[in-house]
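> What follows is a structure written as structure tokens; I'll ask about it next.
What follows is calculated from the coordinates using simple rules that are stated; it is not laboratory data. This structure is a prediction, so every number in the text was calculated from the model and none was measured. Neighbour counts run over all protein chains shown; Cβ positions are idealised from the backbone, glycine included.
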Amino acid sequence: MRTEGYLPLRDYAAIGDGRTCALVGRDGFVDWLCLPNVDSPPVFDRILDAGGGCLELSPRGPFEAERRYRPGTNVLETTFRTADGAVRVTDAMTFHDRESLSPLRELVRIVDGLEGRVALGWTFRPRLDFGRRKLRVREQEGLIVAADGSDAFALSSWNAGDGRFELSAGERSTLALTHAHMEPLVLPARDDAERRVEEAAAFWARWSGRLEYDGPWRDAVVRSALALKLLAFSPSGCIVAAPTTSLPERIGGDRNWDYRFGWLRDGAYTLRALLSLGCVDEARAFFWWQMHATRTTEPEVRPLYCVDGGIRTEEVELRLPGYRGSRPVRVGNLAAEQLQLDTYGPLLETTWRFWTKTGSLGAARPREIAALADFVSSEWRRPDAGIWESRGEPRHYVLSKAMCWTALDRADRLADEGVLPRRDAWRAAAEEIRGWIEEDGWDEARGSYGCAPGEDDIDASLLAMALCAYADARDGRFAATIERIRHELARGPYLYRFSGAETIEGAFVTCSFWLVDALARAGRTEEATTLMDELVAAANDVGLYAEEVDPATGEFLGNLPQGLVHLALVNAAVSLADGDDPE
Amino acid sequence: MILGALAGGLVGTVVLTSGSRLAQHLGWTRMDIPLLLGTIFTPERGRATVIGYAIHFANGLVFALAYGLIFEATDRAGWLFGMLLGAVHGLFAGGGLLNVLLPVVHPRMGKPWTDARSAPVLEPPGFLLSNYGRATLAATFALHLVYGALVGLFASL
């Protein structure tokens, strides 16, 4: 099952509590968990170092594993079958409890004997901050406590021996990992820990039961919504791109990035998905986070911010082996320093969408929104790093200009509504940008929009021109661009991001869902439906996606679960369900 | 002198509480006094923190009153004398109050006589508060020195 100690990324499922996420392997190992928050240092980091921290709970000897989320929840159930019987492991992160004093963070693993008698083992191997902080481990009264400075971890076990035990049908064993940060440890009673798992399951089922989507691919849409809810950092409303860092875009490659931040670019897709599903509270919280975060840097905005809205994103390379030798392992993200003009389009689109839905600007101040649009109208001519955050020379990306158009168009519309002060310069600049795109951004020789003027490349991100209002999906030029993207970048249902990407990374799953969305908007429903079916079938066994896929093998690549993919899935399904009027 | 001591107690408690929080942020200790005090009365974290802060500030004033009475009785006050009292206070807080008395009165903390009928959930301080981090005792002692000095200083003004 494992290669050199590493599990295929497809074999991970995620559990979480609205503050952090754990990755649980199909073989019973919790291999990734940052505490107390999703952007904190990990205590389990085995996905990046086979000798790293983990919490194992699995049968001793050969077994087969089958798993699922309990319907409508983020509570994971893995059934292990051995020659001697079967057990079910239920994994969940629990919530703040009002009945009893609850730990700051808690991960509970419950084993129920189903058939026969199964020999199991567990190992608690904490490693804090990639081993940069040394934990003092002590055992006391059936507990293992590991502590350093402001952090402490305790593993409580009940009916699970000291690491080896046997379980018969009808018996139950439980492990609870608790974490304290800047406070004393809270050590749970068994009943309380088990009750909190059921309460967590009940909450998730209630939450998903309220989703307002009855269209096709409902199971996939609900699972995506649950995955997005896992990625939401509840204290602020931010939704992280993924809860992991440095899972590689190519095995052995160096395109390994830290995604434990909120990207403004994802905002437009986030708002549309959340509002389409009836998640108004989450949409409002995300919008507030976005406005709160950008206030520190406006009118210039960074592509990404910390979950608390901060800007401490310095990138550091760690001396770790990396997933299957994919180095470097990075924490922090240098892309925060880049000029990415395409960020402004989604930001203003989000504002527009929020205002049209709620009739309010929420936390946003008209003066600040206007300052963003002023910045775009004066700076759109600059080259930038683009949507893919290129670390090479800045270029004049056509998509970046199109998103600048979107930003100014939305600002102008908000001015029409009397929400923003009127600036004639916005409409004038928008028209100038459109002229630039249709003149310089159109590649006459190849009959499509190009990645950047004077370059031969094609880029799948151009599909977003139709998703963020710049282009009409039925327009001839856009239709021709779709065809060129499919011709040059498609491998089966998958799309590479740009020309030549196949030599450096996998196919980018989000782009495939964007293609579905664009086809749906173009009225090409049959093609869109066929592609959607193929893509929904390409999720892993519990319905999650990583950022990329190797089209040849179906192997997952990149960080996971990836929010942008799940957002794109929801939006594609909504567009298909809405038919000719996807907005 | 009493009123001055009470004013010093208020300022000193603010400094002590802030210093304690800073020590938590710096990773010197996991001792969270408001949470420890508040969870005596409620398991709900938010309410416990508010109650804990209120109790801690009340304690700060009660101890300041005691300092003031000592200043009155000895007819002397000043930051150095206050700091001396703070040292005694710090040793009492670290060595007896938090170490011995808190687990005894805390319904959610284990004690030597806790039996099968109850299940304590809150980590006890351990010998000389060492369970909450090795620097806990030193930080507690140092912060009480500052508290005492401030009470003494204000009482002498």
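> What is the mean number of Cβ atoms from other protein chains located within 10 Å of the Cβ atom of each residue in peptide B:13-25, rounded to a whole number?
Values: counts 0, 0, 0, 0, 0, 0, 0, 0, 1, 0, 2, 5, 3.
If you average over the peptide's residues, the count of other-chain Cβ atoms is 1.
> Determine one quarter of the surface area of the Cα convex hull of the protein assembly as shown, which equals its mean projected area, and express it in nm² to one decimal. Mind showing how you got there, number by number?
Values: hull surface 138.2 nm².
The number I arrive at for the protein assembly as shown is 34.6 nm².
> Let me ask you something else. Order these by the 10 Å Cβ neighbour count, fewest first: B:HIS25, B:HIS89, A:HIS96. Mind dumping the intermediate values first?
Values: B:HIS25 10, B:HIS89 22, A:HIS96 16.
In order of increasing Cβ crowding within 10 Å: B:HIS25, A:HIS96, B:HIS89.
> Follow-up. Suppose every K and R has +1 on its Cβ and every D and E has -1 on its Cβ; what is the size of the dipole of chain A about the Cα centre, in Debye to the nearest 20? Present the calculation step by step, with values, prior to reporting the outcome.
Working: 69 positive and 93 negative charges, 259 e Å.
Dipole of chain A, to the nearest 20 debye: 1240 debye.
> Using only atoms on other chains, find how many Cβ atoms lie within 10 Å of each Cβ of peptide A:176-184 and report the average. Before the final figure, lay out each step's value.
Details: counts 0, 0, 2, 0, 6, 4, 13, 13, 16.
Taking all residues of A:176-184 together, the mean is 6.
> Name the residues of the range A:146-167 whose amide N is less than 14 Å from a point 7 angstrom out from the Cα of B:ARG134 along the C-beta direction?
The answer is A:147-150.
> Per DSSP H run of at least 4 residues, take -39500 (n - 2.57); add these up for chain A, divide by its residues and hand me the 222 nm value, nearest 500 deg cm²/dmol. List each step's numbers first, then the result.
Values: 13 runs with 182 residues, N = 583.
Rounded to the nearest 500, the figure is -10000 deg cm²/dmol.
> Could you grab the relative contact order for chain A? Cα pairs under 8 Å, six or more apart, rounded to a whole percent. Intermediate results must be reported in sequence, preceding the final value.
Details: 1353 pairs, mean separation 71.2, N = 583.
Once divided by the residue count of chain A, the mean separation gives 12 percent.
> Something else now. Based on Cβ point charges of +1 for Lys and Arg and -1 for Asp and Glu, what charge dipole magnitude is obtained for the range A:339-495 about its Cα centre, in debye rounded to the nearest 20?
Details: 21 positive and 28 negative charges, 128 e Å.
I would put it at about 620 debye.
> Put +1 on the Cβ of every Lys and Arg and -1 on every Asp and Glu Cβ in chain A; which of A:ALA189, A:ALA65, A:TYR213 then has its Cα farthest towards the positive end of the dipole?
A:ALA189
> Let me ask something additional. For the range A:397-420 and the range A:104-149, write down the distance between their C-alpha centroids in whole Å.
52
> To continue, here is another question. Please report how far the C-alpha centroid of the range A:314-343 lies from that of the range A:172-186, rounded to the nearest whole angstrom.
Centre-to-centre distance over Cα atoms comes out at 31 Å.
> In Å and on Cα atoms, what radius of gyration and Dmax does the range A:474-535 show?
For the range A:474-535, the Cα-based Rg and Dmax read 11.4, 34 Å.
> I need the P(r) histogram for the range A:330-487: all alpha carbon pairs, bin width 10 Å from 0 out to the longest distance, whole percents.
Result returned by the calculation: 11, 39, 33, 15, 2.
> Okay, moving on. Restricting to Cα pairs below 8 Å that are 6+ residues apart, what does the relative contact order work out to for chain B? Please round to a whole percent.
Numbers: 252 pairs, mean separation 62.8, N = 157.
The value is 40 percent.
> 222 nm [θ] for chain B, helices only, -39500 (n - 2.57) per DSSP H run of 4+, per residue, to 500? Provide the component values of the computation, followed by the final result.
Values: 6 runs with 99 residues, N = 157.
Value at 222 nm, helices only, nearest 500: -21000 deg cm²/dmol.
> Another question, then. Sorted from fewest to most neighbouring beta carbons within 10 Å, what does the list B:VAL105, B:VAL15, A:VAL221, A:VAL419 look like?
Values: B:VAL105 10, B:VAL15 16, A:VAL221 26, A:VAL419 19.
Fewest-to-most ranking of B:VAL105, B:VAL15, A:VAL221, A:VAL419: B:VAL105, B:VAL15, A:VAL419, A:VAL221.
> Another question about this same structure. Peptide A:144-151: average number of partner chain Cβ atoms within 10 Å per residue? Walk me through the numbers before you get to the answer.
On the way: counts 0, 2, 0, 6, 2, 10, 10, 3.
If you average over the peptide's residues, the count of other-chain Cβ atoms is 4.
> Could you work out how far the C-alpha centroid of the range A:290-310 sits from that of the range A:535-583, in angstrom?
Value for the Cα centre distance between the two parts: 27 Å.
> Sticking with this structure for a sec: Quick one: order A:ASP416, B:ASP32 by neighbouring beta-carbon count within 10 Å, fewest to most.
Numbers: A:ASP416 11, B:ASP32 22.
Fewest to most other Cβ atoms nearby, the residues stand as A:ASP416, B:ASP32.
> Which one, A:GLN140, A:SER150, A:GLY163, is farthest towards the positive end of the dipole of chain A when Lys and Arg carry +1 and Asp and Glu -1 on their Cβ?
A:GLN140
> Just to compare against my own numbers: the Cα pair-distance distribution for the range B:89-157, 10 Å bins, whole % per bin, please.
20, 39, 25, 12, 4, 0
> log10 I(q)/I(0), Debye, Cα-only chain B, no solvent, q = 0.10, 0.15 Å⁻¹?
With one equal scatterer per Cα and no solvent, log10 I(q)/I(0) is -0.37, -0.78.
> Separate question: Of B:ALA77, B:VAL121, B:ALA93, which is farthest on the positive side of the dipole of chain B, counting Cα position, with +1 on Lys and Arg Cβ, -1 on Asp and Glu Cβ, and the Cα centre as origin?
The listed residue farthest towards the positive side: B:VAL121.
> Give the whole-number value, in cubic angstrom per residue, of the convex hull volume spanned by the C-alpha atoms of the range A:357-417. Kindly include the intermediate steps, with their values, before the conclusion.
Numbers: hull volume 6.6 nm³, N = 61.
Residue-normalised Cα hull volume stands at 108 Å³.
> Give, as ranges by residue number, the residues of the range A:452-467 whose backbone N falls under 19 Å from the point 7 Å along Cα→Cβ of A:ARG255.
Within reach of a label on A:ARG255, which here means backbone N under 19 Å from a point 7 Å along Cα→Cβ, the range A:452-467 contributes A:452, A:456-464.
> Further question on the same structure: Quote the charge dipole size of the range A:418-473 about the Cα centre in Debye, to the nearest 20; the model charges only the Cβ of Lys and Arg (+1) and of Asp and Glu (-1). Don't skip to the answer; put the middle values down first.
Numbers: 5 positive and 13 negative charges, 105 e Å.
Using Cβ point charges on Lys, Arg, Asp and Glu, the range A:418-473 gives about 500 debye.
> Report Rg (one decimal) and Dmax (nearest whole number) for the range A:226-287, counting Cα atoms only, units Å.
Rg then Dmax for the range A:226-287, in Å: 13.3, 41.
> Taking 0.36 nm per residue of sequence separation and subtracting the Cα-Cα distance, how much length would be gained by fully extending the chain between A:ARG125 and A:GLU417, in nm to one decimal?
Values: separation 292, 0.36 × 292 = 105.12 nm, distance 5.81 nm.
Computed gain between A:ARG125 and A:GLU417 is 99.3 nm.
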